[in-house]
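S.K.: Please find one structure pasted underneath; my questions will follow.
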Amino acid sequence: MRFHYECNDCHKEYYTDEVMYLCPSCAKENTDPAQMRKGNLVVVLNEEDLRALKEKEDLAFYDFFPYEVPDHDAFPVGPTPVASPIRLQSKYGMKNVVCKCDSALPSGSFKDRASQLIIGQAKSHNEEKIVLASTGNAGAAMSCAGAAYGIDIVLFVPQTAPVNKLMQSVLYGAQVVPVKGTYDDAFALSIAYTDNFGGINRNTAYNPMTVEGKKSVSIELFCQLGRTLPDIVYVSTGDGCIYGGVVKGFIDLYRAGLTDRIPKVVCVQSEKSNAIAHAWETGEYTAVKATTVADSISVSSPANGRMAVRYINESDGWATVVTDEQILESQMELAKEAGLFVEPAAACAWAGFVKDHGRLKERFNDDVNVCVLLTGTGFKDMGVFKDRITMPSSIENSVDAVIERFSQH
Ligand SMILES: Cc1ncc(COP(=O)(O)O)c(C=O)c1O
């Protein structure tokens, strides 16, 4: 698929075969860390190539990728299950709400989608090394893909990053470099690394192929639903990269002439990490102090914030802000009443749906088609259950003990 880049902010176009990161002219303006970064590039696929897909019968998201991904099954990204949570559907009186379970991806999070396309990018440019900064899921996803394809992964992390989130990357064989500094410091050092030692830099939203890879979920969903679209999609949002990818997938389907509309995509954030929602409401692209318990969406200055705000408007969506308590309640609700075990950052999307459901029924009706994206498995962050779940005490290995335990209830 032929493509070029367009700056999200100044709309300058770049036609090149080279790997590109931020728009060179807008990036120069990024001097104030209190302001959301400018210059994220959008990958624009060739109109003619896209239109040709309209006639294709066995459509797959790979057809919409700017780079070819070799040996898809080496790192099987999707299709992830679409669950119909029947008890929750009847609890909220909305029979057409479904959950797309990206928690089932190989490394346990949505980030595998971006990582797969970055592998394709690296292979096309004959690079044997991918470098990134991350504190969690992106690092694990890239390391997992690297293990599958035999590509070296160099991962810079703040030394304070939660150990359980890094363990996966170490196990997959990545070269993990803890940094005595913040995530921003690790980000800067990862770029210094690629400047000096080469490799593809996969930093979220910095490399435009991260948003582009994440669009696969929308195309996959469209194919799974028999070439139809949901009306509304709920997305947990931190940096706004997943959000951007989801909308971009729907835009590409529309540009291909395969759909006649774009679903409303709802950006759900914690009130303790709400920079994008705030920017959408006020037009102020300022950083916030992020403190949410949902660590994967705890972002002070979103790396893809400006594109996310643009896409909220272009998809005619909105931003819904929830409390950390609502996120944690949603995590329990999904587990206990749907058998869906996700990390808090993923439960945030469900919390947004729960908060909005009354309004959805009023504004649309109770059979509106809603898809809630579940972006990461609960096993990623077991620490969050400390003081929230009590393990039952053991019993003696005897029938009497069983009778005693169950007679008490
Ligand atoms: C499980 C999970 N959900 C949601 C998000 C939010 O994605 P983004 O930062 O692109 O908005 C992340 C990001 O790390 C994540 O790991």
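Read-outs: derived from the displayed coordinates by stated rules, not from any lab. Everything numeric here is computed off the predicted structure, so don't read it as measured data. Note that each Cβ is placed from the backbone with ideal geometry, even for glycine, and that neighbours are counted across all protein chains shown.
S.K.: Run the dipole for the chain about the Cα centre, Lys and Arg Cβ at +1, Asp and Glu Cβ at -1, nothing else charged, and hand back the magnitude in debye, nearest 20.
M.R.: Working: 39 positive and 52 negative charges, 97 e Å.
Around 460 debye, computed over the chain.
S.K.: Given a Förster distance of 35 Å, report the FRET efficiency between Glu314 and Ile191 from their Cβ-Cβ distance, rounded to the nearest 0.05. Please list the in-between numbers first.
M.R.: Working: r = 30 Å, r/R0 = 0.84.
For R0 = 35 Å, the calculated efficiency reads 0.75.
S.K.: I've got another one for you. Using the 2.2 N^0.38 Å rule of thumb for compact globular proteins, work out how segment 187-340 stacks up: its C-alpha Rg over that value, please. Intermediate values should be presented prior to the final figure.
M.R.: On the way: Rg = 16.6 Å, N = 154, 2.2 N^0.38 = 14.9 Å.
Here the answer is 1.12, to two decimals.
S.K.: Over all directions, average the projected area of the Cα convex hull of segment 79-205 and note it in nm².
M.R.: On the way: hull surface 37.4 nm².
Here the figure is 9.3 nm², rounded to one decimal.
S.K.: Testing the spin-label approximation: label points 7 Å from Cα along Cα→Cβ at Lys386 and Glu29. State their distance in nm.
M.R.: 4.3
S.K.: Here is a further query. What translational diffusion coefficient, to the nearest whole µm²/s, does segment 262-358 have by Stokes-Einstein, given a Kirkwood radius computed over alpha-carbon pairs, a temperature of 37 °C and 0.692 mPa s viscosity?
M.R.: Numbers: Rh = 13.6 Å.
Diffusion coefficient, whole number: 242 µm²/s.
S.K.: For segment 24-95, rounded, prolate or oblate, judged on the Cα gyration tensor with a ≥ b ≥ c (square roots of eigenvalues), a/c < 1.5 rounded, else prolate if a/b > b/c? List each step's numbers first, then the result.
M.R.: On the way: a/c = 2.27, a/b = 1.26, b/c = 1.80.
It is oblate, given that a/c is not under 1.5 and a/b is not larger than b/c.
S.K.: For the chain, max minus min Cα coordinate along each principal axis, in Å, sorted largest first?
M.R.: Principal-axis extents of the Cα atoms in the chain, largest first: 75, 50, 44 Å.
S.K.: Counting other Cβ atoms within 10 Å, which trypsin sites (Lys or Arg not before Pro) in segment 259-314 have at most 12 and lie in a DSSP loop?
M.R.: Details: sites: Arg261, Lys264, Lys272, Lys289, Arg306, Arg310; in loops: Arg261, Lys272, Lys289.
Here the trypsin sites (Lys or Arg not before Pro) that fit, given the DSSP loop and packing criteria, are Arg261, Lys289.
S.K.: Let me ask something additional. Relative to the first principal axis of the alpha-carbon coordinates of the chain, what is the inclination of helix 344-363, with its axis defined by its Cα atoms, in degrees from 0 to 90 and to the nearest 10?
M.R.: Approximately 90 degrees, to the nearest ten.
S.K.: Next question, about the same structure. Could you work out the relative contact order of segment 1-141? I mean the mean sequence separation of Cα pairs under 8 Å and 6+ apart, divided by the number of residues, in percent.
M.R.: Details: 161 pairs, mean separation 26.6, N = 141.
Worked out over segment 1-141, it gives 19 percent.
S.K.: Report the net charge of residues surrounding Gly39, where surrounding means a beta-carbon distance below 14 angstrom and charges are Lys +1, Arg +1, Asp -1, Glu -1. Each step should come with its number before you reach the end.
M.R.: Numbers: positive: Lys12, Lys28, Arg37, Lys38, Arg306, Arg310; negative: Glu6, Asp9, Glu13, Glu29, Asp32.
Taking every other residue near Gly39 into account, the sum is +1.
S.K.: For Lys12 and Asp367, compute 0.36 nm times the residue count separating them, minus their Cα-Cα distance, and round to one decimal in nm. Show your work: numbers first, answer last.
M.R.: Details: separation 355, 0.36 × 355 = 127.80 nm, distance 4.21 nm.
Going from the current span to full extension adds 123.6 nm.
S.K.: Once amide H atoms are placed 1.01 Å from N in the peptide plane, what residues at a sequence separation of 5 or more from Val44, or on another chain, have their amide H within under 5 Å of its amide H?
M.R.: His4, Tyr5, Glu6
S.K.: Calculate the dipole size of segment 77-125 relative to its Cα centre from +1 charges on Lys and Arg beta carbons and -1 charges on Asp and Glu beta carbons; express the result in debye to the nearest 20.
M.R.: Numbers: 7 positive and 2 negative charges, 36 e Å.
Dipole magnitude for segment 77-125 comes out near 180 debye.
S.K.: Give or take rounding to whole Å, what are the principal axis extents of the alpha carbon atoms in segment 289-409, in descending order?
M.R.: Dimensions of segment 289-409 along the principal axes of its Cα atoms: 65, 36, 19 Å.
S.K.: Three principal axis extents, largest first, for the C-alpha atoms of segment 160-203, in Å?
M.R.: Largest to smallest, the principal-axis extents are 29, 22, 14 Å.
S.K.: Averaging sequence separations of C-alpha pairs under 8 Å and six or more residues apart, then dividing by the length of the chain, give the relative contact order as a whole percent.
M.R.: Values: 846 pairs, mean separation 70.9, N = 409.
Relative contact order for the chain comes out at 17 percent.
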